[in-house]
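> Below is the structure I would like to discuss, written out as structure tokens.
The values are calculated or read from the model by the stated rules, or taken from the named source; none is laboratory data. It should be emphasised that the depicted structure is a prediction, and the values quoted were computed from it without experimental measurement. Neighbour counts are summed over all protein chains in view; Cβ atoms, including those assigned to glycine, are modelled from backbone coordinates with ideal geometry. Surface accessibility is based on the protein's heavy atoms, side chains included, excluding ligands, DNA and RNA. Shrake-Rupley method; radii C 1.70, N 1.55, O 1.52, S 1.80 Å.
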Amino acid sequence: MTMSSLARLLLPSVCLLFAPACRPTSSDVGAELARPNVLLISLDTLRRDHVGAYNPAQTTTPELDAFAKKSLLFQQAFTHHPWTLTAHATMLSGLYPNVHGVLSDRRMREEVVLMPEVFAGAGYATVGIVDQCLWMSPRFGFNQGFGNYLVLPTGAGPKIDRFLAQVDSMEDQPFFGFLHLFDAHSDAGKLPYDSAPKFKEEYVGWYTGDFDGTLPEHPEWGHSSALMIRMNEEGVSFEDEDTRFVEGLYRAGIRTMDEQLGRLFEELEERGLLENTIIAIVADHGEELFEHGRMLHEGQHDELLQIPFLLYVPGAAAGTSEEMVGLIDLAPTLLSLAGQETPADMQGRSLAPLVSGAPLLSSRDHVVLDNSMFLGVRSTTEAAIWGPDGLGLFDMVSDPGQQDNLAGEEAWSPRLDELVKWAQAEREAMSALRDRLAAEPGTVKIDVADEADLHAIGYGGE
């Protein structure tokens, strides 16, 4: 099959490629807990390979690494969209991006039942504490189902303090908490990533270059995140030393966040909450550091799409899973572990059986990468991605860095045929869900001031 024939088949139906829904059942492990609390922690823009539990060469996440030793760690976890807004909509809805339809000018459909709504209906106190980044604002529907939805400035420390204060006020009521930490994300300061001074010194104290957040030859390009947008647009890269400096700034931001996570874990333990609280820790996406010629998160490769995913369940043994999982599986899993009914339209599967070492009824060897920017299929052995630059096909065994594009090579044509047949079956299976949610999502107006704020933290052109 040629690239052009694959394009004709896939592109007209991008929004209809979804994995079959699998109805989860409650977990035996979760059932042993008395109305457990549930806490979802989203670590915005955290690369999987910058977490020590996944890459022992990294030193940025000692607190997260220690927590991973008590948790189920998913080795093959993926986001379906490398963008804060859309990825979080998938986390809370259990739907693929092209089903929930949340984009820069579209909010969550009212017909979609979100995870916090289910918990609220079961008598849980529901609290969300998120960054002031526009994408997480109530105007996109993220407050749906939350009794308290608080938008706070960037910085993990104050958010954790506010979350703990909320927990302390709940008395004996179980809670569902959503904590969104933004420290690893690029920001609007002079330099691309902010961090605590001590960690900035630890990770970039060696730097003797002159990059201060701007390019002297292009002052009109601005600084920090806005600068990196323009560099992407113009195809400009840093010198090697400056690239390492920017990566060091990113790592310092991760370490700053990790220190606060350690404090959160300690506070929860002191309150006795770790004995009855299910905790999921994920990233919405990663970050590009020039692996494919870009910074920020606009691309289609594993540095953005493969994410950390830890699942802690009191009383369950720690372990590692090689199951292919996506953010669509998050909501069904947490609901199932807490013994709650899963909305029928959620497309993900409950991963709860894996917590107790049991197999899934519907194991899969692939993840759909499906959104407005690109379409793809990811397995442990290959990645097929259709995006603005055409078809990308990579052998993940021999080329885990996705540098050698095999699209168009005759030897890979039979595998492309298989992927296309699989895609056709997926579209047919999910067309009914698209029909039920056919109403357009509500519109969201992004004004000039909003655009400026988004540009300052690295969002341009979406």
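> Conditions: (1) out of contact with any Pro (no Cβ under 8 Å at 6 or more places or on another chain); (2) open to solvent by less than 70 Å² (accessible area, probe 1.4 Å). E217 meets all but one. Number of the miss?
(2)
> Just checking, which of G141, G123, G128, G155 is open to solvent by 20 Å² or more (accessible area, probe 1.4 Å) and small (G, A, S)?
Result: G123 is the single residue among G141, G123, G128, G155 that is open to solvent by 20 Å² or more (accessible area, probe 1.4 Å) and small (G, A, S).
> Just a yes or no: is a residue in segment 167-175 at pLDDT below 95, among the hydrophobic types (A, V, I, L, M, F, W, C) and either in contact with a His (Cβ under 9 Å, 6 or more places away or on another chain) or open to solvent by 40 Å² or more (accessible area, probe 1.4 Å) (or both)?
So far as segment 167-175 goes, no, none of its residues is at pLDDT below 95, among the hydrophobic types (A, V, I, L, M, F, W, C) and either in contact with a His (Cβ under 9 Å, 6 or more places away or on another chain) or open to solvent by 40 Å² or more (accessible area, probe 1.4 Å) (or both).
> With respect to Q340, is the statement that it is part of a loop (DSSP other than H, G, I, E, B), touching a helix residue (DSSP H, G or I) at 6+ places or on another chain (Cβ under 7 Å) and not small (G, A, S) true?
Yes, satisfied.
> Can you tell me how many residues within segment 346-375 are of a type in the set (V, I, T) and closer than 26 Å to R436 by Cα?
Summing the residues that are of a type in the set (V, I, T) and closer than 26 Å to R436 by Cα in segment 346-375 gives 2.
> The conditions are (1) under 27 Å from S321 (Cα atoms); (2) modelled with pLDDT under 75, and L354 fails exactly one of them. Which is it?
Answer for L354: the failing condition is (2).
> Does any residue of segment 96-105 turn out to be open to solvent by 10 Å² or more (accessible area, probe 1.4 Å), more than 28 Å from H366 (Cβ to Cβ) and either touching a residue at least 12 places away in the same chain (Cβ under 8 Å) or in contact with a strand residue (DSSP E or B) (Cβ under 6 Å, 6 or more places away or on another chain) (or both)?
So far as segment 96-105 goes, yes, one or more of its residues are open to solvent by 10 Å² or more (accessible area, probe 1.4 Å), more than 28 Å from H366 (Cβ to Cβ) and either touching a residue at least 12 places away in the same chain (Cβ under 8 Å) or in contact with a strand residue (DSSP E or B) (Cβ under 6 Å, 6 or more places away or on another chain) (or both).
Residues are listed down the side, and each one gets a yes or a no for (1) in a helix (DSSP H, G or I); (2) under 25 Å from the mean Cα position of the chain (by Cα); (3) among the hydroxyl-bearing types (S, T, Y):
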residue: V236; (1), (2), (3): no, no, no
residue: R251; (1), (2), (3): yes, yes, no
residue: E269; (1), (2), (3): yes, no, no
residue: I278; (1), (2), (3): no, yes, no
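> Answer yes or no as to whether T243 is hydroxyl-bearing (S, T, Y) and part of a loop (DSSP other than H, G, I, E, B).
No, not satisfied.
> Right, another one. Name the residue, out of D258, D284, that is among the acidic types (D, E), under 19 Å from S93 (Cα atoms) and crowded, with 24+ Cβ neighbours inside 10 Å.
Values: D258 fails: under 19 Å from S93 (Cα atoms).
Sole residue among the options that is among the acidic types (D, E), under 19 Å from S93 (Cα atoms) and crowded, with 24+ Cβ neighbours inside 10 Å: D284.
> Another question, if that's okay. Quick one: what pairs do we get from segment 145-165, first residue free of Cβ contacts under 8 Å to residues at least 40 places away in the same chain, second assigned to a strand (DSSP E or B) and open to solvent by 30 Å² or more (accessible area, probe 1.4 Å), C-beta under 7 Å, 6+ apart or different chains?
R162/L150
> Moving to a separate point now. Any idea which of (1) at pLDDT 95 or above; (2) closer than 19 Å to G442 by Cβ; (3) part of a loop (DSSP other than H, G, I, E, B) is the one L92 doesn't satisfy?
The number of the failed condition is (3).
> Can you go through V112, V127, V118, V167 and tell me which one is β-branched (V, I, T) and within 22 Å of T443 (Cβ to Cβ)?
The match here is V112.
> Among the candidates E382, E426, single out the residue that is modelled with pLDDT of 80 or more and surrounded by 15 or more Cβ atoms within 10 Å (Cβ to Cβ).
Sole residue among the options that is modelled with pLDDT of 80 or more and surrounded by 15 or more Cβ atoms within 10 Å (Cβ to Cβ): E382.
> Here are some residues: R251, R271, R294. Which one is basic (K, R), touching a strand residue (DSSP E or B) at 6+ places or on another chain (Cβ under 9 Å) and either open to solvent by 50 Å² or more (accessible area, probe 1.4 Å) or modelled with pLDDT of 85 or more (or both)?
Within the list R251, R271, R294, the selection yields R294.
> Among the residues of segment 346-380, write down those that are in a loop (DSSP other than H, G, I, E, B), under 19 Å from P332 (Cβ atoms) and of a type in the set (A, V, I, L, M).
M346, L351, A358, L360, L361
> Is it the case, given these coordinates, that A87 is touching a residue at least 40 places away in the same chain (Cβ under 8 Å), outside any strand (DSSP E or B), surrounded by fewer than 24 Cβ atoms within 10 Å (Cβ to Cβ) and under 18 Å from the mean Cα position of the chain (by Cα)?
no
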